[in-house]
Amino acid sequence: MKKPTPTAEQLAPYLSITGLLLIWEASVRIFQVPDFILPAPSQVLSAGYHIRSLLLYHTGVTLGEALGGLLLAIAIAFLIAMLLHNLDWLYGMIYPLLILSQTIPLVILAILLPLWLGWGIAPKIVIVVLVCFFPIVINLLNGLDDVDPDQLSLFHSMGASPLATFFMVKIPAALPSFFTGIRISATYSLMAAVISEWVGAQRGLGYFMTIKQKAFAIDEVLAAVLVICLISYLLVKCTDGLEYWLVPWNRENLPEEEWN
């Protein structure tokens, strides 16, 4: 099967990123910006290549924290959303607490949680969970509330039980919203893991960037940022792929040619 030719719309993001990098490279060279303030993209790539082994090590640590926290957040968010959707009294009790949990600055959590949970991986996982579960809960609740009432009436008229209606109508209809929340949380997971490493860590990209920033090795700091951006992008694309294969009735809203 012949692969479809990329369209201008599909190429636009890559062209814009390339153009931005070229402007950055030219501006640094034309205005002779010092390396310790803003290195050129070519220097960032060169620095990343020279420290690739060190970057790979710290990336593995941060990625493990992010994925562990993200998976736990998905499970917790799914359970909370199911309970809040079916128990109105619990919704009124818990929903304000969910909102309140998102008002706490991450830096404060990064300082306090190691004091409470120790200096291992536990506080980092907790920070990732706290950041990631909220978008999933909100999107899944919205998806459950937006189910087509005609479908619900049809199943009710056919004598389907509330439990059967919930799993055969509401859950499938809410899955696209559920994956939207996961997609958002996937991008947050790396950020949360990095922030959690700024305090009380001896490995990970957050720790690596803190050390390199103090040494004014800005090119290596930006190389780590580049790795974070690439991994975040890959996590989003992996989520798109999972949604494409697990939610086939929503495929018209996804770039099908990427998964065929």
Open item on the list: I'd like the full set of residues that are surrounded by fewer than 10 Cβ atoms within 10 Å (Cβ to Cβ), part of a helix (DSSP H, G or I) and at pLDDT 85 or above, limited to segment 1-45.
Closed with: Ile30
Open item on the list: It is to be established whether one or more residues within segment 87-102 are within 27 Å of Leu230 (Cα to Cα) and not in a helix (DSSP H, G or I).
Closed with: yes
Open item on the list: With over 30 Å from Ala164 (Cα atoms), crowded, with 16+ Cβ neighbours inside 10 Å and of a type outside the set (S, T, N, Q) as the only criterion, which of Ala81, Ala110 stands out?
Closed with: Ala110
Task: Candidate set from segment 211-234 (those that are closer than 30 Å to Leu115 by Cβ and within 22 Å of the chain's Cα centre (by Cα)); member that is surrounded by the most Cβ atoms within 10 Å (Cβ to Cβ) - done: Ala224
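Do we find that Leu163 is closer than 27 Å to Tyr233 by Cα and either buried (at least 18 other Cβ atoms within 10 Å of the Cβ) or at pLDDT below 95 (or both) in this structure? Talk me through it step by step, then tell me what you get.
Details: closer than 27 Å to Tyr233 by Cα: no; either buried (at least 18 other Cβ atoms within 10 Å of the Cβ) or at pLDDT below 95 (or both): yes.
No; evaluated as a whole, the condition is false for this residue.
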Task: Of the criteria (1) of a type in the set (Gly, Ala, Ser); (2) part of a helix (DSSP H, G or I); (3) loosely packed, with under 13 Cβ neighbours inside 10 Å; (4) touching a helix residue (DSSP H, G or I) at 6+ places or on another chain (Cβ under 9 Å), which one Ala73 fails - done: (3)
Open item on the list: When you scan segment 228-242, do you find a residue that is in contact with a helix residue (DSSP H, G or I) (Cβ under 7 Å, 6 or more places away or on another chain) and either farther than 21 Å from Ile184 by Cβ or without any contact (Cβ under 8 Å) to a residue 12 or more places away in the chain (or both), even just one?
Closed with: no
- [ ] Filter segment 241-250 for residues that are part of a helix (DSSP H, G or I) and surrounded by 15 or more Cβ atoms within 10 Å (Cβ to Cβ) and give the result.
- [x] Glu243, Tyr244, Asn250
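Find the residue count for segment 177-212, including only residues that are touching a residue at least 40 places away in the same chain (Cβ under 8 Å), among the basic types (Lys, Arg) and assigned to a helix (DSSP H, G or I).
The first filter runs over segment 177-212 and keeps only residues touching a residue at least 40 places away in the same chain (Cβ under 8 Å), leaving 178-201, 203-208.
So of that shortlist, the ones also among the basic types (Lys, Arg) come out as 183, 203.
When the remaining residues are screened for being assigned to a helix (DSSP H, G or I), the result is 183.
Of the residues in segment 177-212, 1 are touching a residue at least 40 places away in the same chain (Cβ under 8 Å), among the basic types (Lys, Arg) and assigned to a helix (DSSP H, G or I).
The values are calculated or read from the model by the stated rules, or taken from the named source; none is laboratory data. Only a predicted model underlies this, so the values are computations on that prediction, with no experimental measurement involved. With ideal geometry, Cβ positions are generated from the backbone for all residues, glycine too; neighbour counts draw on all protein chains shown.
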